[in-house]
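Please read the structure below before turning to the comments.
The values are calculated or read from the model by the stated rules, or taken from the named source; none is laboratory data. Small disclaimer: the values here were computed from a predicted structure and weren't measured. Glycine also receives a Cβ, built like all others from the backbone with ideal geometry; neighbour counts cover every protein chain displayed. Note: accessible area is taken over every heavy atom of the protein model, side chains too, but ligands, DNA and RNA are not part of it. Shrake-Rupley method; radii C 1.70, N 1.55, O 1.52, S 1.80 Å.
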Amino acid sequence: MKDSYSFDIDEAGLDVSFEAHRGAYERIFDRLGIPAIGVEASSGNMGGSDSVEFMCPSEAGEDMVARCGNCDYAANLEKATSALPAIEDGPGPAALERLPTPGVRTIDDLARQYGKPADRQIKTLVYVIDGQLTLVLLRGDHPLAEQKLADAAGVGDIRPAQADEIREALGASPGSLGAVAITGLPIIADLALQGRRNMTTGANVDDMHLTGVDVERDIPVGRWADLREVRAGEPCPRCGGLLEIIRAIEVGHIFKLGRKYTTVLGVSVLGPDGASIIPIMGSYGIGVERAMAVIAEVHHDDVGLTWPVQVAPAEVTVVLLSPQDEATAAAAESLYAQLQATGADVLLDDRDERPGVKYRDAELVGIPCRVSVGRRDLAEGMVEITSRATGEKERVPVEQAVKYVQEFLSARRAEAAAAGAP
Ligand SMILES: [Zn+2]
C-alpha cells in the first residue's frame, strides 16, 4: 500500500486536502492507464465519512458497484441506494390475525402457498451486533447489505446469530420469526418498511405467521436505517435513470477519518489564537501491487501483456532475429546503443533462439515497441517496427529507426500525459 494522511485544524481545511487528493488520485490512475471511477463507499472499520473508492471495472473484480447509465452516480454495493417507488398500502385490518403455515420456511414458500407476495412480507433476520442479539427487518424481497448494517450500528463486529441463539431468544426457528410486540431486543428496520400496513411476518411460533401487520402500530422499531442491497434495474437516487451492477477492482480509497486517531494519540496543535486544537485527519491509500495487477488485467490480449508505455518495464525491445550473423548482430547492437543514448529504456533480445520463440516472448512480456532486426530485411537496409498494443507493423530504413522509435514513444507519452492532465 501507498498510504498518506492529511492533518488540518478544521473541516474546511480537510475539505481542501480531500479534494486535492481526489484530483491527484484521478490523475495518477489516468497516467497508470487504469480507467478507475470514484464511487461512494463505506469507510469500513476505521469509521469516518465521505468515503470514495477508486474502482476499475473488470470481470476479475471482487467488488460490486452500482452505476447509473444516465448520470455519474456510482457506489459500492455496500453503500449504494436507489429511488424505489414507495408502496402505498390501503388501510389494513384493525387487528392482527394468526395464519397457520405448516412447512413454510421461506419467503417464496409463503408467497406461493399463501398468496402473500414478497413485497408484502417482513423478513426478520437475527444478528449479533457487538455481542447484542438484534432483530433486523427488511421487506421480503429485499436482500440485506451487511456492511450497511455494520455502518448503521457503528461497529465492525457483527455476525448472523446461530440457530440455537435464535431459538433461545425467540422460541422459534428461522422461517417463522417476527418482531411483533418484541420487548427486550433492539430492532433495526429498513426504510422501505416505513408506513407499511397489512403485512405478513413470522409469529415466533414454528409454522405460524401473522397477517394484517401494521409496522408502526405493531412493531417497536428502535431504529430506521437504509439496509437493503440495491439491484440492477432500480432507479438511480439522483436522476431516476436505471442502475446497472458491474464487477470492479478497488485500486484506491480515500476518506475523511475525523479526529478519532488524533484524539486517541493525544495529537494537538496550537491555533492562531494560541488555543489547543485537535487536528482532523484524512486517509488516502493506493494498492500499489494491486494497481500493477489491474494494469495487466486491463492491458492485455490473447497472447500477453500490452503495457502502456508510461508504466512498461521497458519501452523498446530490439529483437535480433539472426544472432549467428555478425553483421545483423552488429546492427542490432548498434540500434540498441543508439536508442539507449536517446534516454529510452531498451531491451536487447540476443538469445540464441528461433525468431518464433523471440516474437512470442516479446508479445507475452508486452514491451510497447518492438524493433525486429533480421538478415533479410537488413540486406535491403530495413528493420521492422511493431506496436505491441495495435499490432501495426512498419518497415523503416535502418538509419531512420531511432527517430521513428523516438516519435512513437513521445506520441504514447503525450497521450498518457493528456489523460492525466489536471
Ligand atoms: Zn443517475
Original post:
Could you give every pair whose Cβ atoms fall below 8 Å, whose first residue belongs to the range 124-141 and is on the phi > 0 side of the Ramachandran plot, and whose second residue is open to solvent by 10 Å² or more (accessible area, probe 1.4 Å) and assigned to a strand (DSSP E or B), counting only separations of at least 6 or pairs across chains?
Top reply: D130/I158
Original post:
Got at least one residue in the range 257-265 being touching an Asp or Glu at 6+ places or on another chain (Cβ under 9 Å) and either surrounded by fewer than 21 Cβ atoms within 10 Å (Cβ to Cβ) or more than 19 Å from E146 (Cα to Cα) (or both)?
Top reply: no
Original post:
Any residue at all in the range 15-32 that is within 16 Å of the ligand (Cβ to nearest atom), charged (D, E, K, R), open to solvent by 20 Å² or more (accessible area, probe 1.4 Å) and closer than 18 Å to F255 by Cβ?
Top reply: no
**OP:** Take the range 363-422 and flag every residue that is farther than 23 Å from D325 by Cβ, among the small types (G, A, S) and not in a loop (DSSP other than H, G, I, E, B).
**Re:** S387, S410, A411, A414, A416, A417, A418, A419
Original post:
Just a yes or no: is a residue in the range 308-330 open to solvent by 40 Å² or more (accessible area, probe 1.4 Å) and touching a strand residue (DSSP E or B) at 6+ places or on another chain (Cβ under 6 Å)?
Top reply: no
**OP:** Could you please let me know if L348 is in contact with a Cys (Cβ under 7 Å, 6 or more places away or on another chain) and surrounded by 14 or more Cβ atoms within 10 Å (Cβ to Cβ)?
**Re:** no
Subject >> Residue check for C71: within 16 Å of the ligand (Cβ to nearest atom) and either under 22 Å from G23 (Cα atoms) or surrounded by 14 or more Cβ atoms within 10 Å (Cβ to Cβ) (or both) >> reply: yes
Original post:
Cβ-Cβ below 6 Å, separation at least six or inter-chain, first residue in the range 301-314 and closer than 23 Å to Q406 by Cβ, second part of a loop (DSSP other than H, G, I, E, B) and open to solvent by 70 Å² or more (accessible area, probe 1.4 Å): which pairs?
Top reply: T306/A389; A314/D345
**OP:** Could you tell me which of the residues E244, E250 is away from the ligand (no atom under 16 Å from the Cβ) and among the acidic types (D, E)?
**Re:** E250
Original post:
Do any residues in the range 63-83 that are touching a residue at least 40 places away in the same chain (Cβ under 8 Å) have Cβ atoms under 6 Å from those of residues that are open to solvent by 70 Å² or more (accessible area, probe 1.4 Å) and within 8 Å of the ligand (Cβ to nearest atom), where the two are at least six apart or on different chains, and which pairs are they?
Top reply: C71/R238; Y73/R238
Original post:
Does at least one position in the range 278-285 carry a residue that is open to solvent by 60 Å² or more (accessible area, probe 1.4 Å), out of contact with any helix residue (DSSP H, G or I) (no Cβ under 8 Å at 6 or more places or on another chain), modelled with pLDDT of 95 or more and closer than 30 Å to E11 by Cα?
Top reply: no
**OP:** Check the range 78-101 and report whether any residue there is within 38 Å of the chain's Cα centre (by Cα), away from the ligand (no atom under 16 Å from the Cβ), buried (at least 21 other Cβ atoms within 10 Å of the Cβ) and within 22 Å of L242 (Cα to Cα).
**Re:** yes
Original post:
Of the residues I188, I254, I245, I249, which single one is within 32 Å of the chain's Cα centre (by Cα) and either open to solvent by 30 Å² or more (accessible area, probe 1.4 Å) or charged (D, E, K, R) (or both)?
Top reply: I245
**OP:** Take the range 276-291 and flag every residue that is in contact (Cβ under 8 Å) with a residue 12 or more places away in the chain and over 16 Å from A20 (Cα atoms).
**Re:** I277, I278, P279, G287, V288, R290, A291
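Yes/no matrix, rows are residues, columns are (1) under 21 Å from the mean Cα position of the chain (by Cα); (2) assigned to a helix (DSSP H, G or I):
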| site | (1), (2) |
| --- | --- |
| G282 | yes, no |
| G285 | yes, no |
| R290 | yes, yes |
| I295 | yes, yes |
| A314 | no, no |
| V318 | no, no |
| A327 | no, yes |
| A332 | no, yes |
| Y336 | no, yes |
**OP:** Tell me the strands (runs of 3 or more DSSP E) entirely within the range 28-147 that contain at least 1 residues that are out of contact with any Ser or Thr (no Cβ under 8 Å at 6 or more places or on another chain), under 19 Å from N198 (Cα atoms) and hydrophobic (A, V, I, L, M, F, W, C).
**Re:** 132-139
Subject >> Subset of the range 214-240 [surrounded by 15 or more Cβ atoms within 10 Å (Cβ to Cβ), within 16 Å of the ligand (Cβ to nearest atom) and not in a strand (DSSP E or B)] >> reply: V230, R231, E234, C236, P237
**OP:** Spot the failing condition for S173; the list is (1) among the polar types (S, T, N, Q); (2) touching a helix residue (DSSP H, G or I) at 6+ places or on another chain (Cβ under 7 Å); (3) not in a loop (DSSP other than H, G, I, E, B), and only one is missed.
**Re:** (3)
